[in-house]
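Step one of this worksheet: look at the structure below.
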Amino acid sequence: MRTALTDGTGRWFDKSKAERFNEATTFNGTNHVSIATGSQFEHETLFRAPSGRWILHEWSQWQGAGESWDEITGAAAAKWLVANKHEPHTSVVADFASLEIK
């Protein structure tokens, strides 16, 4: 499934061939709240394209709100993975390790 980035470059990736990392959530007693956004209505999913590039998908449950597909750095991906309780990905081990407080 071809998914175009929203940066205006015309670049795209095949979402069906990419690794997918879902956002973590917490339950506040009433709603599931995204760890990534701090909102029950705003969400993020991280993808790793077959090329190794990281794509962040941001979307909202609000009617009429848009969505975005943006390439992010390995360092930003490592931070996102930590925040969303994922294990380090082999491609960002150094970035992941640099986040540890010693």
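No lab work stands behind these numbers, since they all come straight from the coordinates. Everything numeric here is computed off the predicted structure, so don't read it as measured data. Don't worry about glycine lacking a Cβ; one is built from the backbone with ideal geometry, like all the others, and counts go over all protein chains shown.
For the stretch 20-60, name all the residues that are touching a residue at least 60 places away in the same chain (Cβ under 8 Å), of a type outside the set (Phe, Trp, Tyr) and in a strand (DSSP E or B). Within the stretch 20-60, 22 is the sole residue that qualifies. Just one of the numbered conditions (1) farther than 18 Å from residue 86 by Cβ; (2) buried (at least 17 other Cβ atoms within 10 Å of the Cβ) is not true of residue 8: (2).
The set of residues from the stretch 11-23 being loosely packed, with under 13 Cβ neighbours inside 10 Å and out of contact with any strand residue (DSSP E or B) (no Cβ under 7 Å at 6 or more places or on another chain) comprises 16, 17.
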